[in-house]
Structures are given as structure tokens and as C-alpha cells.
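Worksheet for the structure shown next.
Rule-based calculations on the coordinates, nothing more; no lab input. From a predicted model like this one, the values you see are computed outputs, not experimental measurements. All Cβ positions, even for glycine, are placed from backbone atoms using ideal geometry, and neighbour counts span all protein chains on display.
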């Protein structure tokens, strides 16, 4: 599929479509119109039709969308029809929480290892069955294992230093929890979760 | 300050300005032009001037912005010049990770208690000094303590059920990590961190 002309806003909405359709599917709903979907999602019906048309349009006039079909098609667009191997850099609370979250919640995303500067420090609290290695072993690990995504749950400076290692190890995507915007080569992708900024947006809204 | 006419996009950018200015301040930078700030932030200089003008504009022609001053002003706009009391609903890995993150990283945001359906389950792994109570105690706790923000790190159905309790307990803002868009009364605010959707955006980008 050609991704040209797909705006960031649309890409941001696709996972929401996917989530709502997943819920409808779970509830046994077989088909839905764009206006019903619109009521659920707080997006206008014409926006929904426009978004889905970008990918060829899956609706039929007078019928609406087949929920299961649309769910699967959006899943494919999002790249959820394949498996991803992930490593987590960091072994602190946030690293483990995100690593376990992925393991429990997400089909197709498999965490294979954690890496930390000081694995000994976390030995006592290690409560997952996934191995924890020293950061020094990362380069060798990436030579022997194809890793698609690295989760970064480490401080800013450490995150910056690790990017070249991930790059030369063939990692394609970075899920970044460090409090910085990482610079990466064009062929790599960064998706950041800036918790701090999210909290500030909340405090802004509380006060205005 | 009147918040009318301030778009969501601007509000989303303010914490980034705040972060960059904080870094510049740490580095001892005293003043900066919008074009220098633009190079750092990957936002156009005219966008920066336009954003900051919405709040009265803090720059001076030929001088640029005073870093410390602008940092403080944006902090005030974001509501960071006051203290917030937070509770965390949930006591699992993600709940503790987010609670500890706030405690370590954020000035002015103070977590005072955790609540869980089954506190006994988490007794053995309780590694913070902040108390953990049963969810049954939440209503009484909110009567006796002014809480500004509730962090929700619980499943979808539980998150929906807790909203009315938080509402009648005077909680103003919800920082939501449950995998759903919560409906709240107009006078409450929800800010969601949808980890799953963030990961899907990453997988989309890796594949396109």
C-alpha cells in the first residue's frame, strides 16, 4: 500500500478505529454505519468515511461497514498481521511495566530481552521470565537476533547514546519513553510517549 | 488568562517548549531567538512566534526570548506554579511505575495514596512508602482529602465504574491509562495515555 498523502492525523486515528471495531466485534456486532461509528467515537461520520476511503474504502452504500472485515483490514494497515520482536532497554519500574504491558496486551509484539547498564541492581526485583542482560551484550545480541523494535525506558543521555548501537544492529523502530525527541536516520522510526508532557497538558486543562 | 481560541495543537506544543527551555536554562543559556529555538525543536520560527503571541508574546524584537523568563511564564500557563495532589487507582506494575515516575520527575505533583480492589495481593511487592488502600476506602478518603488528579491504571470496565466516585469526591482531572476514552462531566478533564495505540502507530510507520 502506498502511504503517500496519509496525514499524521489519520494515522493517529487508525488505532482508535481499530480499538472501537475490536470492541464491537467482541460484542458480536456484525455491521455498522459510519454515523453509528461516529456516535461511538466522537469523530464526524464524514471524517470516518474520508479516512477509510484513503485506504480504498471498505463500506458499501446502504449497508455500512462489515465490522470483522474492517477490523482486519485496519489491522493489516497498522501492520498488526505480522510478528514483532522487541527488546527493552532499561530495567527499572517503567521499563518492566511497559515490557509486561506489551507481553500481556498485545498480540504479535514479543519482548525477547531486557538490557540494563547494571543488571545486578535489578536481580532481586526481577519478576518476569524474560532474561535481563548487561548493556555490553546488546551489540552481540543484535548480531544474533533480528529485533524490530527497541523500547527505551532510560534517561535522556543514555537514550541518545544507544541509538547508533540500535541502528547498526538493524533495529527499525524505537518506542521512546525518555524525555527527549530522539534524532534517528531516515530509515528508522521513533514513536515517543512523553508522560511528563501528557501530565502538563492535564494540568493546563484543569486550570483553563 | 482567557483560554478561548487556544487550539489543542498549541496546548500540545506548550510542554515541548517548556522542556526545551528547561534544557537551555540548565545549560546556562540566557536568551534565544525564535529561529534558534526552531532549529532545536523542529517547529518553524513563525509557528513559535505565533504560539507564544497567543499568550501575550514574551519576546523582544532584536533580542529574542529571555530563557528563564519564558520558561517560567510557560510553566504558569501550564499550571505548574501550584501543587497538585494525586491518587493512583490500581496497584499493578503500570500503576506503580506511573506513580513513582510522577514522584521522581515532576515537581508540584504529589502522589498521596494508591487504591486497589485487592490491596493484599500487592502487599509483598509494595516497594514505595506511599500507602495502599482498598478501593472501598476511596469515597471516605476523598471526603477527607482534597485530590486534584486521579491516575487510572486499571482495566476498562473498572475505570468507567470509578468515574462517578471521583466526580462526587471533587477530583478535577483524570490521567487515564485504561484502554478506553472515558466520558466525564464538562467540569472534569481527562488526559489519556493510550500505550497500545502508540505502539500501533509505531508498527504502522515501520511498515510504510
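Placing a label point 7 Å from the Cα of residue B:25 along the Cα-to-Cβ direction, the distances to the matching points in the other copies come to 4.7 nm, shortest first. Take the Cβ atoms of residue B:9 and residue A:136, set R0 to 45 Å, and the FRET efficiency comes out at 0.60. Extension gain, residue B:183 to residue B:168: 0.36 nm times the residue separation minus the Cα-Cα distance gives 3.9 nm. Between copies, the label points of residue B:140, set 7 Å from Cα on the Cα→Cβ line, lie 5.7 nm apart, reported in increasing order to one decimal in nanometres. The separation of the stretch B:149-193 from the stretch B:116-142, counted between C-alpha centres, amounts to 18 Å. Mean sequence separation of contacting Cα pairs (under 8 Å, at least six apart), scaled by the length of chain B, corresponds to a relative contact order of 14 percent. Residue of chain A with the smallest Cβ distance to the axis mapping A onto B, distance rounded to whole Å: A:97, 2.
Using the Cβ-Cβ distance between residue B:53 and residue B:81 with R0 = 25 Å, the FRET efficiency computed as 1/(1 + (r/R0)^6) comes to roughly 0.75. Each Cα pair under 8 Å and six or more residues apart adds its separation to the average, and for the stretch A:8-77 the resulting relative contact order is 41 percent. Using R0 = 35 Å, the C-beta based FRET efficiency linking residue A:26 and residue A:190 works out to 0.65. Expressed as a whole number of Å, what is the distance separating the alpha-carbon centroids of the stretch B:41-110 and the stretch A:55-96? Each part's Cα centre sits 32 Å from the other's. Antiparallel beta bridges, as assigned by DSSP with both residues in the protein assembly as shown, represent about 10 percent of the total such bridges. With Rh defined as the Kirkwood radius, the inverse of the mean 1/r over Cα pairs, the Rg/Rh of the stretch B:157-199 is 0.98. The P(r) of the protein assembly as shown has a tail past 37 Å containing 27 percent of all C-alpha pairs. Per the Debye formula with a single identical scatterer at each Cα and no solvent contribution, what log10 I(q)/I(0) holds for the stretch A:9-85 at q = 0.13, 0.15 Å⁻¹? Debye curve over Cα of the stretch A:9-85, log10 I(q)/I(0) at q = 0.13, 0.15 Å⁻¹: -0.34, -0.46. Think of it as helices only: each DSSP H run of n ≥ 4 in the protein assembly as shown is worth -39500 (n - 2.57), and spread over all residues that comes to -14000 deg cm²/dmol at 222 nm. Starting from the label point of residue B:81 at 7 Å along Cα→Cβ, the same points in the other copies fall at 5.5 nm, in ascending order. Residues considered: B:184, B:43, B:98. Largest GNM mean-square fluctuation over chain B, using C-alpha springs under 10 Å, is found at B:43.
Here chain A is described by how far its Cα atoms reach on the three principal axes: 62, 46, 34 Å, from widest to narrowest. Counting Cβ atoms of other protein chains within 10 Å of each Cβ in B:181-189 and taking the mean gives 2. The alpha-carbon atoms of the stretch B:84-198, seen along their principal axes, cover 38, 36, 30 angstrom, with the largest extent given first.
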